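J.: Sharing a structure here in structure tokens format.
Coordinate-derived values only; no laboratory data. Given the structure is predicted, the values throughout are model-derived calculations rather than measurements. FYI the Cβ positions are ideal-geometry reconstructions off the backbone, even for glycines, and counts take in every protein chain you see.
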Amino acid sequence: MTPHADRYNAVAVFMHWLTAFAIIGMLACGWIMSDMPKDDPLKFPLFQWHKSIGITILLLSVFRLVWRLTHTVPPLPDTLKAWEKYAAHGVHWLFYALLIIMPMTGWAIVSTSRYNIPTMLYGVIPWPHLPILPTLENKQEINHVFSNAHGFLAYLIVALLALHVGAALKHHVISRDNVLLRMAPKVLGGILKRFGGPRALGMALFALAISASPAHAKDWTVDYTQSKLGFIATQSGATFNGEFKSFKTGIDFDPEHPTTGKITAIIDIASVTAGNGERDAYLPQSDWFDTRNFPQATFVSTDIGASCDGTDLHGNCGCYSANGTLMIKGVAKSVSLPFCLKPEGDHWRAEGKIVLHRADYHIGTGQWSSDDLVKHAVDVTFSIAAKPN
Ligand code: HEM
Ligand code: HEM
């Protein structure tokens, strides 16, 4: 996996979900079989399945750990706070440890059992007991220790799983970043592609969430015929202008109480034009915007400030700053979007500019990655005409 990949590769995704389902099944199986009365005819076969699948998890996890230690994984988005990154990595490494310790304690239980039942994986492959343990004098006490440890670790896995799943869902539903999507199986992506790709579906759900949000009760109506989202970039020392012809913004904003507002935008990246046919042909390609996989960019404000923090916008206007998350090409970053609001005829106009660095969003990779031919700094400008409802 390249250091800048934005999702886990097929091996990592396959191993993750195979293990996840196996562990959840094993927890259920463990508790069910342990609670069964001794004479239940299902008890013995369940124990055998539990042991077979548990040993398989052990072998897969050793392979997975080696794979993990020899590969780089996509870095977590910069929008995560330092403690969130530590917590995420902490939970991941604890999981890796448990995926090995948990089946080892199970293996130790059967190796110290006074019944000395041999293990046949899936009824066909003989599996030995751990060395030394079966010959120990006090193996019954040791058996108790491992049995208690096995039961305790099961609860620890459940607690970690709650944190892990809670965090994954929080990222998807509240932070709306790509943390969950980057571990989503490609096969799911293939099915979703029929509906425009997983990200498009994500964005559609996201758009639905925006429009359903109660904060939108008194939003503004944007006049797109008089609005523009453009950019100014530099190629071979000469600047050129570009534009995204199609975008949607949601504005819920009271200039008297700006902090209660919310601003969102969904930009249709394929609508980009950059002043000449050659540029228009290569911008959608994978080195640049990769519009097939990343058809939309999004901005969601988290808070709006009542000043533009010294940014030199035009005078005679109310100056604000929309802070939030901008996601382009699957990369989410915190940005502060200064804008100036002024009356214009029967409506208002919001104008602003932000300097983005294309390399931050992996735009213009490979032969384009240097700053020499196409400058990394790009001015993104917007001018939006809107009326409060
Ligand atoms: C017992 C079941 C599970 C185990 C043992 C497990 C374990 C792990 C581990 C070890 C990683 C780190 C991968 C790496 O960076 O090497 C990981 C990542 C991840 N898991 Fe799970 N997981 C489980 C269940 C789930 C479930 C049910 C979900 C979804 C709701 C989920 C979502 C994710 C996501 C989104 C990541 C990627 C996080 C990132 O981007 O760094 N996992 N999981
Ligand atoms: C890999 C993940 C594993 C998970 C998540 C798991 C989970 C569980 C759970 C939840 C229980 C019930 C604990 C209780 O009621 O106190 C249990 C019991 C048991 N497990 Fe596992 N197990 C795993 C692997 C294994 C392996 C590899 C073996 C043996 C080769 C094994 C052998 C047993 C035995 C013999 C019991 C009976 C209860 C006891 O004597 O303490 N387990 N397991």
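J.: For segment 218-388, state the average projected area of the convex hull of the C-alpha atoms over all orientations, rounded to one decimal in nm².
T.: Value for segment 218-388: 10.1 nm².
J.: Only Cα pairs within less than 10 Å get springs; with that Gaussian network setup on the chain, which residue of Ala184, Ala265, Ala238 has the largest fluctuation?
T.: Ala238
J.: How many lysine pairs are close in segment 10-184, with Cα atoms under 23 Å apart and the two 8 or more places apart or on different chains?
T.: The result is 6.
J.: Given +1 on the Cβ of Lys and Arg, -1 on the Cβ of Asp and Glu, and no further charges, what dipole in debye does the chain carry about its Cα centre, rounded to the nearest 20?
T.: It works out to roughly 1080 debye.
J.: With a point put 7 Å past each Cα toward its Cβ, work out how far Ala10 is from His347 in nm, to one decimal.
T.: 4.8 nm
J.: Can you work out the FRET efficiency for the pair Val173 and Leu76, with r the C-beta to C-beta distance and R0 = 22 Å, to the nearest 0.05?
T.: With a Förster radius of 22 Å, E is 0.80.
J.: For each of Leu58, Leu163, count neighbouring Cβ atoms within 10 Å of the residue's Cβ, then give the residues from fewest to most.
T.: Taking fewest neighbouring Cβ atoms as first place, the list is Leu163, Leu58.
J.: Sequence-distant or interchain residues sharing an amide H contact under 5 Å with Asp303, placed H: which?
T.: HN-HN under 5 Å from Asp303: Asn323.
J.: Determine, for each peptide in 98-104, 228-234, the mean count of other beta carbons within 10 angstrom over its residues, then list the peptides with the highest first.
T.: With the highest mean Cβ count within 10 Å placed first, the list reads 98-104, 228-234.
J.: Right, another one. Roughly speaking, what is the centre-to-centre gap between segment 160-175 and segment 89-141 when only Cα atoms are used, to the nearest Å?
T.: 32 Å
J.: Let me ask something additional. Looking at segment 16-74, which trypsin sites (Lys or Arg not before Pro) are DSSP coil and have at most 13 other C-beta atoms within 10 Å of their C-beta?
T.: Lys38
J.: At R0 = 41 Å, how high is the FRET efficiency between Leu59 and Asp268 if r is their beta carbon distance? Nearest 0.05 is fine.
T.: 0.30
J.: A further question follows. Using C-alpha positions alone, give me the convex hull volume of the chain per residue in cubic angstrom.
T.: Measuring per residue, one finds 191 Å³ for the Cα hull of the chain.
J.: What percent does the relative contact order of segment 32-141 come to when contacts are Cα pairs within less than 8 Å and at least six residues apart?
T.: Relative CO of segment 32-141 lands at 30 percent.
J.: Where in segment 93-113 is the amide nitrogen less than 16 Å from a point lying 7 Å along the Cα-to-Cβ axis of Val66?
T.: What the label zone holds, given the 16 Å backbone N cut-off, is 100.
J.: For all pairs of alpha-carbon atoms in segment 217-260, what percent lies in each bin of width 5 Å, listed from the first bin to the last filled one?
T.: In whole percents, the pair-distance histogram is 5, 16, 18, 15, 14, 13, 9, 6, 3, 0.
J.: What residues of segment 78-97 lie in the reach of a label at Thr19, counting those whose backbone N is under 17 Å from a point 7 Å from the Cα along Cα→Cβ?
T.: Taking a point 7 Å out along Cα→Cβ of Thr19, the residues of segment 78-97 whose backbone N falls under 17 Å are 88-97.
J.: Just checking the chain: which Cys have no other cysteine's beta-carbon under 4.7 Å?
T.: Here Cys29 come out as lacking a disulfide-compatible partner, given the Cβ-Cβ threshold of under 4.7 Å.
J.: Continuing with this model, one more query. In whole Hz and in residue order, list the ³J(HN,Hα) couplings for segment 87-96 that follow from phi through the Karplus curve 6.51 cos²θ - 1.76 cosθ + 1.60, θ = phi - 60°; x for Gly and Pro.
T.: These are the phi-based 3J(HN,Hα) values: 4, 4, 5, x, 5, 4, 6, 4, 4, 4 Hz.
J.: Using only the C-alpha atoms of segment 10-184, find the volume of their convex hull and express it per residue in Å³.
T.: Considering the Cα atoms of segment 10-184, their hull volume per residue is 140 Å³.
J.: Right, here's the next one. Compute the distance from the alpha-carbon center of segment 228-259 to that of segment 353-389, in whole Å.
T.: A separation of 10 Å, based on Cα centres.
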